[in-house]
Amino acid sequence: MQELFSTISRLAESRATVLLTGESGTGKTLLAKTIHFNSSRKNGPFVGVNCAAIPTELMESELFGHVRGAFTGAIANKQGLFEAADGGTLLLDEISEMSTHLQAKLLRVLEDREIRPVGGTKPVRVEVRIVAATNRDLAQAMARGAFREDLFYRLNVISVALPSLRERREDIPLLVNHFLQKFTELAGAPAKMLSPEALACLEAYAWPGNIRELENVIERAVTLETGPIIRPESLPESLRRPRPPDAFHVEFPPEGIDLDKPHGADRARPHPASPRARRRGPEPSRAAARHGLPIVPLPPPEVRDDRARERAGWRPGRACSVTICEAGEANLDSEHFSQCSRMVEPTRHAGAPCRPAGPAVRRGLKRPANTRISGSAPELL
């Protein structure tokens, strides 16, 4: 945050456009006011507008104003927000929600420093500093065609990214003291402080609502706690529960994953430029390089299958007859029995595929009594 404050002090005196980015509740509006009141425009007006709160059909009139008779209901001239902020600062909050039609007009205002009211014919000169804020990713909005690329580069003269509260938990005690002082003075109550247990609950919480949520929690605690020390019982129940573990993060390749491929054919691996990939090194050579061994490529699948059969003793055998005696045990009438009885299972159907023999073949395959089958066994594959 110290780096952020030093950046604010340097850009306060500039008239350049500022783009504030960050999650909702991180204090973008407060930062815009800080920039204004630390600049040479501090005696001028500070005007803020939420672009998502005004209907699209009324937004142009709100920003640029209109003249009498410009549309139905325009019974008098109206000054727009640009004219109202002349000599000061205009905050355009949630700039990503502005329609592309108004984005084109805003681009013209930023370039010429002139506006034209709705229904008017004469341009009006304005001297106003623009501070835009958004909690969306403008790069993704440009990829979708929802935000003009030329306007983005015109707004992004000085960009300030506000971190979320969970990324700067060391600032929680300072913010807590500020809000305690603020709300006790508003309520006319004596000064209060947080117990170590309550402060530990605040520091362990994820804060999805960021500073705005923290402010609401402190206001609630000041209101409910009657004593001088705020204990965990005065905090919301969601803050008193232990924080769940962080979500599992999976890195996908930029080109995505084809779900039509067989399972395991396209696994999520770290991008080659990611820190984890650089730390682990190239995947095929990592283990070999660690032990000083050469990399031996695997043979094709069909070659590997043939080698496996040879190691297991699979060899082409000759035909032999199968006889099931009255005792129900299978016998092979051939001197080849000692070789093939370990690899094939006798079958009643000539021409059936051979398969490796299990313990049942070596012990003798039981068949119904008084059964005799003689025939030619299929050759081994």
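The separation of the stretch 154-218 from the stretch 92-140, counted between C-alpha centres, amounts to 32 Å.
Beta carbons within 10 angstrom, averaged per residue: use that to sort the peptides 208-216, 163-171, highest first.
Averaged packing, sorted descending, gives the order 208-216, 163-171.
Pairwise Cα distances in the stretch 25-132 exceed 22 Å for 32 percent of all pairs. Considering only beta bridges that DSSP places wholly inside the stretch 2-163, some 15 percent are antiparallel.
All other residues whose Cβ lies under 13 angstrom from that of GLY227 are scored, Lys and Arg at +1 and Asp and Glu at -1, for a net of 0.
Relative contact order of the stretch 1-126, taken over Cα pairs closer than 8 Å and 6 or more residues apart, is 25 percent.
Of the cross-linked pairs LYS28/LYS105; LYS42/LYS192; LYS33/LYS192; LYS78/LYS182, those separated by over 32 Å at the C-alpha level are LYS42/LYS192; LYS78/LYS182. Each other residue within a Cβ distance under 12 Å of ASN38 adds +1 if Lys or Arg and -1 if Asp or Glu, for a net charge of +3. With both labels modelled 7 Å from their Cα along Cα-to-Cβ, the ASN38 to ARG212 distance reads 2.3 nm. Using the Cβ of HIS101 as centre and a radius below 15 Å, the other residues enclosed give a net charge of -1, where K and R count +1 and D and E count -1.
Pop the C-beta distance of ILE229 and ASP171 into the FRET formula with R0 = 35 Å and round what comes out to the nearest 0.05. Efficiency at R0 = 35 Å is approximately 0.95. Fewest neighbouring Cβ atoms within 10 Å first, the residues MET59, MET98 line up as MET59, MET98.
Each value in this text was obtained by applying a stated rule to the coordinates, not by laboratory testing. Computed from a prediction, not measured in an experiment: that's the story for all the values here. Every residue, glycine among them, receives a Cβ derived from its backbone with ideal geometry; neighbour counts consider all protein chains shown.
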